[in-house]
1. Using only Cα atoms, locate the centre of segment 231-249 and the centre of segment 251-280, then give the distance between them in Å, rounded to an integer.
2. Tell me, what is the percent relative contact order of the chain, built from C-alpha pairs under 8 Å that lie six or more residues apart?
3. Once you place label points 7 Å from the Cα toward the Cβ at Glu235 and Arg140, how far apart are they in nm?
4. Report the Rg/Rh value for segment 319-414, based on alpha-carbon coordinates and the Kirkwood definition of Rh.
5. Which of the trypsin sites (Lys or Arg not before Pro) across segment 98-165 are loop residues per DSSP, with 16 or fewer other Cβ within 10 Å?
6. Count charges around Glu326 for me, please; just the other residues with Cβ under 14 Å from its Cβ, Lys/Arg as +1, Asp/Glu as -1.
7. What are the trypsin sites (Lys or Arg not before Pro) within segment 203-290 that DSSP puts in a loop, where the Cβ has at most 14 other Cβ atoms within 10 Å?
8. Mind listing the long-range amide H neighbours of Gly72? Cut-off is under 5 Å, sequence gap 5 or more, other chains count too, H placed in the peptide plane at 1.01 Å from N.
Amino acid sequence: MTTFDTTRRLPLTRDDGARPGPHGTRLLAGWFTTGHAADLSDHRDRYGPLPQTPPAPLRDAVEEAGLTGRGGAAFPTGRKLRTVAAGRGRAVVLANGMESEPASRKDETLLHLAPHLVLDGIALAVRAVGADAAHLCVARTRTEQVRELRAALAERARLRLDPVPVRLHELPHHYVSSEESALVNWLNGGDARPTATPPRPFEKGVAKRPTLVDNVETLAQLALIARYGPAWYREEGAAEAPGTTLVTLTGGVHHPGVYEAPTGAAVGALLDLAGGPTERLSAVLVGGYFGSWLPADAALPARFTGPGLAELGAGPGAGVLVALPERACGLAETAAVLGFLARNGAQQCGPCRFGLPAVAEDFAALAAGRLDDASYERLERRVGLLAGRGACRHPDGASRLAATALRTFAQDVAWHRRFGPCAGAAEPSLLTVPQGAVPGPEEWR
Ligand SMILES: Cc1cc2nc3c(=O)[nH]c(=O)nc-3n(C[C@H](O)[C@H](O)[C@H](O)COP(=O)(O)O)c2cc1C
Ligand code: SF4
């Protein structure tokens, strides 16, 4: 299992003194300066007080900066702010700090090292959409994180920094309980399971009011834009998706961990931030467990942005890259992840109840070299049928992972079907795959 090192001073980052940028780190600048998590006084020394930009110019600045969501779908944040602000009824802000993707640690790291940047982002989002309520949702299992956030919120409350109090909520931690409609449903008194949409949360969310759901990194980026402006924001990163981004680099790299890098850097350059590959790679998993396997020779030169990866049929997702060494078995790794995804659906829709477990079972048989020809054809057919049939995107993500594995590891597929499992299938798993049974009905509240 990968361990994450957040104590190293990372290469290719630079501290520029009084304010973050123009090159290197921005979100983690305070951390690189002091080497410890920022309390409120560190934070204010570094970034100054909360800017007082009025709502409309604030929304314009975010739009001009070209900020896109860092929770997985890369939706334009400025457009979402505008839509929620124009909605019927008083708006609500909901910060998504759940980070249920097991391969990702960026949100946990950010909330630990720079909690006030996220909390500033929430306060500014409240102003930008005219909200009168703010919620921060995190995983119930992360007790240390909850303790730290409660302390940070208490510090701010004493100084009356926030326009409305931010309510911290501890939710059940399953893969799909961090999907936006699941968060809204839980805050409305139901289970943390996705609900059928429309209406989407931005139309009718918490207490049936227009609700801005944003990832915590997105909100921290918003706090930087409000301070330094869109032109400064665009000085880093790719023109089509500017700024920096947090990435979790793991698998066969020397120093797995969370790094900050300009958007648009090549995948190979990002892996070099983590000390580079430990050995020759066969493939890279791009985007996380909802992501895509790409052959290493295609992945390494690719630009890590939505448009850069779209050419290869992939996307940055929640900023995860997993380097797969040649000696590892991509089919065994994928089978383990599909098993996890199958156990972690909310078991409400057909693809989650039947399709995904069936695909996971066949994939496990393929990895073990026990899948006959008829069953292999059935697996290919079922993978194609999963996407677009659930109330949420859970089956779509699993389908993408399975389809790209069959394509990228085509030679291994042929070997496993003909001769049985390869030597790599006996290697310990590179990917973190939480164990545990399908959650019972009472485990969603
Ligand atoms: C199954 C599933 C799990 C998700 N998990 C997360 C998560 O852990 N954190 C997150 O920010 N977004 C997650 N999302 C995306 C959210 O639904 C939502 O789009 C996001 O929080 C919006 O924030 P953004 O625009 O800042 O990216 C998930 C989506 C799906 C379909
Ligand atoms: S697709 Fe699965 S996770 Fe999504 S709503 Fe349906 S049952 Fe729930």
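1. 16
2. Once divided by the residue count of the chain, the mean separation gives 17 percent.
3. With each label placed 7 Å out from Cα toward Cβ, I get 4.6 nm.
4. On the way: Rg = 12.8 Å, Rh = 13.4 Å.
That ratio is 0.96, to two decimals.
5. Numbers: sites: Arg105, Lys106, Arg127, Arg140, Arg142, Arg147, Arg150, Arg156, Arg158, Arg160; in loops: Arg105, Arg140, Arg142, Arg160.
Here the trypsin sites (Lys or Arg not before Pro) that fit, given the DSSP loop and packing criteria, are Arg140, Arg160.
6. On the way: positive: Arg280, Arg327; negative: Glu279, Asp297, Glu333, Asp412, Glu427.
Once positives and negatives cancel, what remains is -3.
7. Arg280
8. So Gly72 has HN proximity to no qualifying residue.
Computed from the coordinates by the stated procedures, all read-outs in this text should not be read as laboratory data. These numbers come from a predicted model, not from an experiment. Because the Cβ atoms are built from the backbone with ideal geometry, glycine has one as well, and the counts that use them run over all protein chains shown.
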